[in-house]
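This report refers to the structure that appears directly beneath it.
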Amino acid sequence: MAAFGRVSQMLLRSYLTQVRRQLSAAAAGGHGEKSAKTWKMLTFLVALPGVGVCMLNTFLKAQHHSHEQPEFVPYSHLRIRSKRFPWGDGNKTLFHNPHVNALPGGYESHE
């Protein structure tokens, strides 16, 4: 059994040495420069135009979006306040927007 362990360790060491040599030879052969050029081209030709198209789509959708206040429906499972928030009056969430976020009793008046 001990002989099997020694043989398996020797084979593992030789395999790892071979892999290290192959990896170091690939790195020395300029492989990194080629992949860096590929990723640079993908960034400028695919990623940045993709971000630009997404921004344009969002902008155009926002132009056609209605900015009216949605109707308040007092669902029992929404806006539950089991304890007060530790800021402000204790009833509004941290990022409360009076135009979009309703309180348990309804929307705040804007007048």
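The values are calculated or read from the model by the stated rules, or taken from the named source; none is laboratory data. These numbers were taken from a predicted model, which means no experiment stands behind them. We place every Cβ from the backbone using ideal geometry, glycine too, and count neighbours over all the protein chains shown.
For segment 1-23, a residue qualifies if it is surrounded by 10 or more Cβ atoms within 10 Å (Cβ to Cβ) and either of a type in the set (F, W, Y) or not in a helix (DSSP H, G or I) (or both), and exactly one does: Y15.
Determine whether K61 is modelled with pLDDT of 90 or more, in a helix (DSSP H, G or I), within 26 Å of the chain's Cα centre (by Cα) and surrounded by fewer than 10 Cβ atoms within 10 Å (Cβ to Cβ). Yes.
Which of the residues that make up segment 66-90 are surrounded by fewer than 10 Cβ atoms within 10 Å (Cβ to Cβ) and among the basic types (K, R)?
Answer for segment 66-90, where residues must be surrounded by fewer than 10 Cβ atoms within 10 Å (Cβ to Cβ) and among the basic types (K, R): just K83.
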